[in-house]
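Engineer: Please find one structure pasted underneath; my questions will follow.
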Amino acid sequence: MYDCIVIGGGISGISFAHCLHQAGKQVALLEKDDRIGGQIQTRTLDGTDFWYETGAHTCYNSYVSLLSILESLGESGNIRQLNRKYPYKLYTPDGFKKITSGLYLPEMLLHVPRALFANKKGKTVREYFRYILGSRNYDRLFSKAFRAVISQPADDYPAEMLLKKRNSHHEEHPRTFSFAGGLSAMVNAIAAKDGFQVSASATVTGVSRIGALYEVTAASGEKWQAASVALATDPPSAAALLHELEPDLAALLADIPVFHSESMSIVAPAKTLTIERMAGIIPLSDEFFSAVSRDLTEHPDLRCFTFHFAQSEKTDSEKREIACRTLNIQPSDVTGQHLTTHILPSLRIRHLNMTAQVADKKKNDSIYLLGNYFKGLSLEDCVQRSMEEAKRFR
Ligand SMILES: Cc1cc2nc3c(=O)[nH]c(=O)nc-3n(C[C@H](O)[C@H](O)[C@H](O)COP(=O)(O)OP(=O)(O)OC[C@H]3O[C@@H](n4cnc5c(N)ncnc54)[C@H](O)[C@@H]3O)c2cc1C
């Protein structure tokens with residue numbers, strides 16, 4: 001019998017399990033994939049030590065909650081600075097350009113003073129940023145740049161949740177960082193150091209109540225019982241699992257749209273991938289959303305770019321063709337390729353203040369909801385939500 005069963009092994013579930021385990025609670029974490037991490041997915045090129053990120057890639061020293069976990073576990077020595085000398089580049093029909101080359105400067109100068117008085121509250125990204133940057137600038141450049149930031153179309157996303165200012169920084173750590181071996185090594189280190197029970201390949205299909213306890217059932221038929229349950233999945237999965245136990249809450253969660261994306265990572269020898277080194281690519285076209293490079297952790301022989309696309313829009317060979325054309329390499333130059341899928345909440349203005357909305361609908365106090373649809377999409381937003389809920393647990 002556990003104090004809590006955590007469903008979902010992304011950063012939200014892992015950080016919640018960490019907090020409970022540190023407080024002396026018996027925790028089991030169930031993850032449907034064969035590995036933990038969720039959208040943190042580092043891969044390694046077969047037969048080499050060359051790792052690359054197919055999902056989340058960058059942490060900042062403003063991620064103070066995440067850093068506090070790494071520090072408490074003695075893992076901060078494995079933090080690795082990301083090289084900041086390479087910028088993002090704009091991919092235009094005329095090749096790679098500086099991001100600023102996409103700006104209409106007169107319109108920018110005319111509109112930017114408005115930022116002094118503008119308020120993001122209740123506005124969509126498009127409404128707010130068209131107002132302070134000008135419509136042409138927004139439509140041509142910033143809508144593409146913001147799409148790259150949140151890995152999905154950003155126009156209707158709440159402006160308050162984009163580019164949030166964080167006031168605290170742990171200056172003793174690098175401004176932008178990853179982890180030795182990539183971000184999956186970070187989540188694996190947290191779970192391993194903590195030692196709470198992790199069951200991978202455990203797809204939860206049901207959560208029911210038996211007296212004062214919750215019974216969690218997996219697709220395999222295996223069952224777990226606990227005094228409380230935490231759902232750290234995407235909103236549709238949480239809605240499906242709570243359908244019978246918490247119908248009103250399930251309806252609220254089912255109303256959160258999600259965006260499915262596909263990421264294709266392309267690895268090639270540095271000697272064939274001759275485009276300049278860069279942090280990533282923002283295209284002016286809609287062929288892909290963005291590409292994130294591994295150049296910020298330089299490798300002498302290999303380079304990698306992970307291209308993000310909306311799901312199902314293109315076949316795999318079309319995606320590969322776009323990636324190779326953009327990188328100016330031949331398909332035969334590719335030494336490694338990996339395709340992965342992601343699911344992210346597409347928050348709208350009506351989803352602001354989900355914490356209060358969830359508290360209003362939820363009937364069972366011993367159910368905890370975690371994830372990237374409360375404070376925002378970033379890893380730090382997820383950890384903060386988990387820490388707040390862990391406090392409520394205690
Ligand atoms: C391409 C991309 C790039 C990003 N880059 C960054 C970045 O650089 N920096 C940053 O801060 N953030 C970044 N983000 C955002 C961040 O990675 C995510 O918001 C965050 O990782 C979400 O964590 P989570 O634990 O809430 O959800 P997830 O990581 O989605 O984890 C949910 C887990 O629940 C599991 N699950 C679902 N249903 C069940 C079930 N029935 N039974 C058991 N398990 C189940 C899933 O398999 C999954 O592992 C990026 C996101 C994407 C998609």
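Engineer: Name the one entry in Arg114, Arg130, Arg126 that is in contact with a His (Cβ under 9 Å, 6 or more places away or on another chain) and in a helix (DSSP H, G or I).
Structural biologist: Matching residue, one of Arg114, Arg130, Arg126: Arg130.
Engineer: I've got another one for you. Search region 36-64 for residues being β-branched (Val, Ile, Thr) and more than 24 Å from Ala232 (Cα to Cα), and hand back the single one that is nearest to the chain's Cα centre (by Cα).
Structural biologist: Filtering first and then ranking leaves Thr44.
Engineer: Applying the selection to region 18-45, what residues are within 11 Å of the ligand (Cβ to nearest atom) and in contact (Cβ under 8 Å) with a residue 40 or more places away in the chain?
Structural biologist: Leu29, Leu30, Glu31, Lys32, Asp33, Asp34, Arg35, Ile36, Gly37, Gln39, Ile40, Gln41
Engineer: Restricting to helices (runs of 4 or more DSSP H) lying wholly in region 281-394: which have 1 or more residues that are touching a residue at least 24 places away in the same chain (Cβ under 8 Å), within 14 Å of the ligand (Cβ to nearest atom) and closer than 20 Å to Ala148 by Cβ?
Structural biologist: Ranges flagged: 379-393.
Engineer: Here's a follow-up. If you go through region 114-130 one residue at a time, how many are at pLDDT 95 or above and either under 21 Å from the mean Cα position of the chain (by Cα) or more than 23 Å from Lys97 (Cβ to Cβ) (or both)?
Structural biologist: Looking only at that region, the number is 6.
Engineer: Which residues, counting only those in region 198-221, are of a type outside the set (S, T, N, Q), more than 10 Å from the ligand (Cβ to nearest atom) and touching a residue at least 12 places away in the same chain (Cβ under 8 Å)?
Structural biologist: Val198, Arg209, Ile210, Ala212, Leu213, Tyr214
Engineer: Taking the options Ile256, Ile329, Ile322, name whichever one is within 21 Å of the chain's Cα centre (by Cα) and of a type in the set (A, V, I, L, M).
Structural biologist: From the options Ile256, Ile329, Ile322, the qualifying one is Ile256.
Engineer: For region 1-47, name all the residues that are in a loop (DSSP other than H, G, I, E, B), surrounded by fewer than 24 Cβ atoms within 10 Å (Cβ to Cβ) and among the small types (Gly, Ala, Ser).
Structural biologist: Once the filter is applied, which keeps residues that are in a loop (DSSP other than H, G, I, E, B), surrounded by fewer than 24 Cβ atoms within 10 Å (Cβ to Cβ) and among the small types (Gly, Ala, Ser), region 1-47 yields Ala23, Gly24, Gly47.
Engineer: Just one of Ile11, Ile5, Ile79 is more than 17 Å from Gly195 (Cα to Cα) and either more than 9 Å from the ligand (Cβ to nearest atom) or among the aliphatic types (A, V, I, L, M) (or both); which is it?
Structural biologist: Sole residue among the options that is more than 17 Å from Gly195 (Cα to Cα) and either more than 9 Å from the ligand (Cβ to nearest atom) or among the aliphatic types (A, V, I, L, M) (or both): Ile79.
The values are calculated or read from the model by the stated rules, or taken from the named source; none is laboratory data. Quick caveat: nothing in here was measured; it's all calculated off a predicted structure. With ideal geometry, Cβ positions are generated from the backbone for all residues, glycine too; neighbour counts draw on all protein chains shown.
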